[in-house]
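Enquirer: Have a look at this one before I ask anything.
The values are calculated or read from the model by the stated rules, or taken from the named source; none is laboratory data. Worth saying up front: this structure is predicted, and the values here are computed from it rather than measured. A quick note on method: Cβ atoms are made from the backbone with ideal geometry, for glycine too, and the neighbour counts reach across all protein chains shown. To get the accessible areas, we keep the full protein, side chains included, count just its heavy atoms, and leave off ligands, DNA and RNA. Shrake-Rupley method; radii C 1.70, N 1.55, O 1.52, S 1.80 Å.
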Amino acid sequence: MTGKVFLVGSGPGNLELLTMKAREVINSADVILYDQLPGEKVLSILPDSAEKIDVGKYGGCHTMEQVDIETLLVREAKAGKKVVRLKGGDPFVFGRGGEEMETLREHGIVVEMVPGVTSGIAVPECVGIPVTHRSWASQVTFVTGHEDPEREVSLIDWEWLAKSQGTIVIYMGAKNLQVITELLIKSGKVPETKIAVIERGFRKDQRVTCGTLADIGETATRIGVKPPAIIVIGEVVNLYRDGSEGAWAQR
Ligand code: SAH
């Protein structure tokens, strides 16, 4: 009999933010495909009873291709196993969960999604930055910063984004920070617009760096900002207070 695949979100990295459903599914899995994004706290509770495959560094140290991950998911499910594909945050928010669901459907495999707490909301939240606020932001846009913003046909409308009101939350933008901020300014966003970069949210070495669109690129290069990081742009950044990040990060 064909097995089943669960696309499971593990939340932003703290065990207490892993849902009960995620935990239940993880505990009863035959095989778990994971990468490093869920973080060591979550990865430390994967049960001995399950076979665990690190698809982040499969067969050596290089990352396994997406197509190979999907092939593996199909193969394990066809072998009759209960398969968990564990992903940081939520599986459908920049997690390629949608693509995996489509492939599994094409193969007639039953797939169930287990939503997770997405980092783009939770990471700013834990340092006191609300992505929406009645006075400051009535809309929020989630954007990937991974796409090279200078490539000829960008799927992101930077001009529209620069004009948009409210908050911009960028995932996977740490490496492109300088290019992204320059592009937003070039597209008409005020250079003094506030920006916060939160690296490794919910981890012990979490770091928050605030600035403006004009100066954050230089600061980030100087202090060596690295992924994973969430970038928040907009008035809500003013609500950040140094030290407010304490409680969650210490756990
Ligand atoms: N599906 C995930 C996002 C995957 S894309 C989610 O819903 O959160 C990977 C990006 O997520 C990283 O580059 C970073 O921008 C962000 N991210 C995930 N966990 C994070 C964390 N604990 N701290 C900071 N950024 C994080």
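Enquirer: Taking the conditions exactly as written (open to solvent by 80 Å² or more (accessible area, probe 1.4 Å), modelled with pLDDT of 95 or more and not hydroxyl-bearing (S, T, Y)), does E218 satisfy them or not?
Expert: On the way: open to solvent by 80 Å² or more (accessible area, probe 1.4 Å): yes; modelled with pLDDT of 95 or more: yes; not hydroxyl-bearing (S, T, Y): yes.
Yes.
Enquirer: Something else now. Would you check if H107 is modelled with pLDDT of 95 or more, more than 16 Å from the ligand (Cβ to nearest atom) and either open to solvent by 30 Å² or more (accessible area, probe 1.4 Å) or closer than 25 Å to I170 by Cα (or both)?
Expert: yes
Enquirer: Right, something else. Do you know which residues across region 65-95 are in contact with an Asp or Glu (Cβ under 8 Å, 6 or more places away or on another chain), away from the ligand (no atom under 16 Å from the Cβ) and of a type in the set (A, V, I, L, M, F, W, C)?
Expert: Within region 65-95, L73, V83 qualify.
Enquirer: Turning to a different aspect of this structure: Quick check on region 1-36: of everything there that is modelled with pLDDT under 95 and over 20 Å from the mean Cα position of the chain (by Cα), which residue is most open to solvent (accessible area, probe 1.4 Å)?
Expert: Once the filter is applied, the top-ranked residue is M1.
Enquirer: Right, another one. Anything in region 226-236 that is within 16 Å of the ligand (Cβ to nearest atom) and surrounded by 21 or more Cβ atoms within 10 Å (Cβ to Cβ)? List them, or say none.
Expert: P228, A229, I230, I231, V232, I233
Enquirer: Turning to a different aspect of this structure: Of the conditions (1) among the β-branched types (V, I, T); (2) open to solvent by less than 60 Å² (accessible area, probe 1.4 Å); (3) under 20 Å from the mean Cα position of the chain (by Cα), T63 fails just one. Which one is it?
Expert: (2)
Enquirer: Filter region 187-215 down to the residues that are under 24 Å from P38 (Cα atoms) and open to solvent by less than 50 Å² (accessible area, probe 1.4 Å) and list them by number.
Expert: A196, V197, I198, E199, R200, G201, F202, Q206, V208, T209 - these are the residues of region 187-215 that are under 24 Å from P38 (Cα atoms) and open to solvent by less than 50 Å² (accessible area, probe 1.4 Å).
Enquirer: Of the residues G173, G188, which single one is of a type in the set (G, A, S) and closer than 28 Å to G11 by Cα? Before you say what the answer is, go through the steps one by one.
Expert: Working: G188 fails: closer than 28 Å to G11 by Cα.
Sole residue among the options that is of a type in the set (G, A, S) and closer than 28 Å to G11 by Cα: G173.
Enquirer: Also, quick follow-up: In this structure, does G116 turn out to be part of a loop (DSSP other than H, G, I, E, B), modelled with pLDDT of 95 or more and touching a Ser or Thr at 6+ places or on another chain (Cβ under 6 Å)?
Expert: Yes.
Enquirer: Among the residues of region 5-64 satisfying the criterion of being within 16 Å of the ligand (Cβ to nearest atom), among the hydroxyl-bearing types (S, T, Y) and out of contact with any Leu (no Cβ under 9 Å at 6 or more places or on another chain), which is nearest to E112 (Cα to Cα)?
Expert: Among them, the one singled out is T19.
Enquirer: Looking for something more than 16 Å from the ligand (Cβ to nearest atom), assigned to a loop (DSSP other than H, G, I, E, B) and in the same structural domain as R200 (by TED's automatic domain parsing) - is there at least one such residue anywhere in region 124-131? Lay out the reasoning, then the answer.
Expert: First, the residues of region 124-131 that are more than 16 Å from the ligand (Cβ to nearest atom): 130.
After this cut, where a residue has to be assigned to a loop (DSSP other than H, G, I, E, B) as well, the list is 130.
Among the residues that remain, those that are also in the same structural domain as R200 (by TED's automatic domain parsing) are: 130.
Yes; the residues of region 124-131 include at least one that is more than 16 Å from the ligand (Cβ to nearest atom), assigned to a loop (DSSP other than H, G, I, E, B) and in the same structural domain as R200 (by TED's automatic domain parsing).
Enquirer: Shifting gears a bit: Just to be sure before I move on: is G98 at negative phi, within 13 Å of the ligand (Cβ to nearest atom) and not charged (D, E, K, R) in the structure I sent?
Expert: Yes.
Enquirer: Scan region 138-179 for residues that are part of a helix (DSSP H, G or I) and within 12 Å of the ligand (Cβ to nearest atom) and report the count.
Expert: Of the residues in that region, 1 qualify.
Enquirer: Looking only at region 165-186, how many residues end up being without any contact (Cβ under 8 Å) to a residue 40 or more places away in the chain and open to solvent by 10 Å² or more (accessible area, probe 1.4 Å)?
Expert: Here the count works out to 7.
Enquirer: Kindly list the number of the only condition in (1) hydroxyl-bearing (S, T, Y); (2) within 20 Å of H107 (Cα to Cα); (3) within 16 Å of the ligand (Cβ to nearest atom) that fails for T2.
Expert: (3)
Enquirer: Let me ask something else. Going by the structure shown, is S135 open to solvent by 80 Å² or more (accessible area, probe 1.4 Å) and part of a loop (DSSP other than H, G, I, E, B)?
Expert: Yes: the conditions hold for S135.
Enquirer: For region 1-34, which residues satisfy the criterion of being basic (K, R) and in a strand (DSSP E or B)?
Expert: The one that is basic (K, R) and in a strand (DSSP E or B): K4.
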